[in-house]
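Presented below is the structure to which this report refers.
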Amino acid sequence: MTTDVLSSFEIPTARTLFTRGAVARTLVHQIVAGLPVRMRYPDGLIVGGGGEDAPTLDLVRPTALWKRLEEHPKIGLGEAYMAGDWRVAEGTDLAQALLPFAARMGRLLPTPLLRMRRIVDRAMPIGTRNTLTGSRANIEAHYDLSNDLFAAFLDPTMSYSSALFDDARPFAGQSLVEAQHRKIDTILDSAGVGPGSRVLEIGTGWGELALRAAARGADVLSITLSHEQQALARERIASAGLSSSVEVRLQDYREVSRDVDGAFDAVVSVEMIEAVGEEFWPTYFSAIDELLAPDGSAVVQAILMDHDRFIATRHSYGWIQKYIFPGGLIPSLDAIREVTGRHTGLQVAGVHAFGEHYAETLRRWRGEFLQAWPSIEGGSFDETFKRMWEFYLAYCEAGFASGYLDVAQVTMRRA
């Protein structure tokens, strides 16, 4: 990602030629008037319902910001942050500034305007459909950026999914490694993984779950579409002396065959369903059903949103899909129940939700990312990339902290 990316979000004028962003400016002023935040213009004008200690957004180029928001409300705010049109004031944390907006997501605009969302919503680009070839391109766009990039802000387990902290103790006193191991062990326990278990992992990450499953005496087949992840996962597994127990393939879940690979006692998949795409959810869960032994268990750790928000946003294209996870879509628990009920013999046997743990995980990742930035910066990782990832991590943190997003380990067994 270089500064050339700015050409992909130059301010369009087709919709804003007449209003020049005035509509967006008026709406945002109305929104922030009822929120505990402040917006400060370059001339010192302050608007918003927050007091002096409230999170403050400094508008660097307000006219550019209003035009971006008016052109595409779901993408413009993030693009404006990437371009430097706005920033948080000194002493304000970016996630805390976004939190009041996330807490009222879906209620920020008047109902009549929400009913007109189709006028400004854009559909997912056809090129990001999660076909066999599309999925590979979508995964490579994010996960093959650089293993060194991810290593710079992840903990030593290289786990890029929500940790699970001990609720009986303050989160601040717990290491991320400890919490990531708790997350993995809870998944393996729920799936009944032990000595002699045959385990299929859909979505390798960088191999930590496969390592811990193999350490229990399981035989693991782990699949990924990321060349970078496969290479490092294999290296880590070999260093642990577990290569005979773990196979890491560059393979799509649709390409694993029961005829070739047999049945598995456990199928686990950690935060991979978000990259599947709604049209392929029946295929994804059917594959799990087909590959699972008759008395086996499957555990899917999934980012979730409320069903009404899923219905309202399922066909729209947002900043996260454009810049971070092409082809991505977050399901609801109701959607998972509906798809598995219609297309498989599986049923949800347990749900362990822990969204506030993801907010803490993301807060730590963002802190590490910003601290490590001097060692990351260079080449394709420029200031625009830094602002993009800072916004991404803070945006997600605010989503989980507000309850707009959740994460859960969903255990499934046959009825």
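Laboratory data are not the source of any read-out in this text; all were calculated from the coordinates shown. For clarity, every value in this text was computed on a predicted model and none was experimentally measured. Glycine gets a Cβ as well: all are built from the backbone with ideal geometry, and neighbour counts include every protein chain shown.
With R₀ set to 22 Å, the beta-carbon distance separating residue 22 from residue 89 gives a calculated FRET efficiency near 0.35. Per 10 Å bin, what is the whole-percent P(r) computed from every C-alpha pair distance within segment 315-415? For segment 315-415, the binned pair fractions read 13, 33, 31, 16, 7, 0 percent. Put the Cα centre of segment 39-84 next to the Cα centre of segment 371-388 and the gap is 23 Å. Dividing the mean sequence gap of close Cα pairs (under 8 Å, 6+ apart) by how many residues the chain holds gives a relative contact order of 18 percent.
The H on the amide N of residue 264, modeled in the peptide plane, is under 5 Å from the matching H of 292, 293, each at least 5 residues off or on a different chain.
When the chain is treated as a Gaussian network with alpha carbon springs shorter than 10 Å, the biggest mean-square fluctuation among 51, 328, 296 belongs to 51. Judged by the mean number of other Cβ atoms found within 10 Å, the most tightly packed of the peptides 130-139, 34-43, 224-233 leads the ranking 224-233, 130-139, 34-43.
Helical content alone sets the calculated 222 nm signal of the chain at -13500 deg cm²/dmol, taking -39,500 (n - 2.57) per DSSP H segment of four or more residues and averaging over every residue.
With Rg and the Kirkwood Rh both taken from Cα atoms, where does Rg over Rh land for segment 149-303? Looking at segment 149-303, the ratio lands at 0.95. Taking the charge dipole of the chain about its Cα centre, with +1 at Lys and Arg Cβ atoms and -1 at Asp and Glu Cβ atoms, the residue from 99, 175, 351 reaching farthest to the positive side is 99. Modelled spin labels at residue 257 and residue 41, positioned 7 Å past Cα toward Cβ, are 6.7 nm from each other. So what's the angle, to the nearest 10 degrees on a 0 to 90 scale, between helix 94-103 and the longest Cα principal axis of the chain? The angle comes out near 90 degrees. Once you've got the GNM for the chain with C-alpha springs shorter than 10 Å, pick whichever of 156, 55, 170 has the biggest mean-square fluctuation. Top of the fluctuation ranking is 170. GNM remark for the chain: springs join alpha carbons under 10 Å apart, and the peak mean-square fluctuation among 222, 190, 175 falls on 175. Placing +1 on the Cβ of every Lys and Arg and -1 on the Cβ of every Asp and Glu, with no other charges, gives the chain a dipole of roughly 1300 debye about its Cα centre.
Once you have the Cα-Cα distance between residue 349 and residue 96, take 0.36 nm times their residue separation minus that, and quote the gain in nm to one decimal. Value of the extension gain: 87.5 nm.
Determine, at each q value in 0.07, 0.12, 0.13 (inverse angstroms), the log₁₀ of I(q)/I(0) that the Debye formula gives when each Cα of the chain is one equal point scatterer. Debye curve over Cα of the chain, log10 I(q)/I(0) at q = 0.07, 0.12, 0.13 Å⁻¹: -0.35, -1.01, -1.17. Spherically averaged projected area of the convex hull of Cα atoms, segment 160-232: 5.3 nm². Along the axis of the charge dipole computed for the chain (Cβ charges of +1 for Lys and Arg, -1 for Asp and Glu, origin at the Cα centre), the listed residues 149, 222, 404 are led at the positive end by 404. Selection among 251, 80, 33 by position relative to the dipole of the chain gives 33 as farthest towards the positive end (Cβ unit charges, Cα centre). Against the chain, whose longest principal axis is taken from its Cα atoms, helix 355-376 shows a tilt of about 80°. Rounded to the nearest Å, what's the spacing between the alpha carbon centres of segment 129-182 and segment 202-280? Just the number, please. Using only Cα atoms, the two centres lie 15 Å from each other. Principal-axis analysis of the Cα atoms of the chain puts helix 383-402 at an angle of about 80° to the longest axis. With a Förster radius of 25 Å applied to the C-beta separation of residue 306 and residue 129, the computed FRET efficiency comes to 0.50. All C-alpha pair distances within segment 232-349, sorted into 5 Å bins from zero, spread as 2, 10, 17, 21, 17, 14, 10, 6, 2, 0 percent across the bins.
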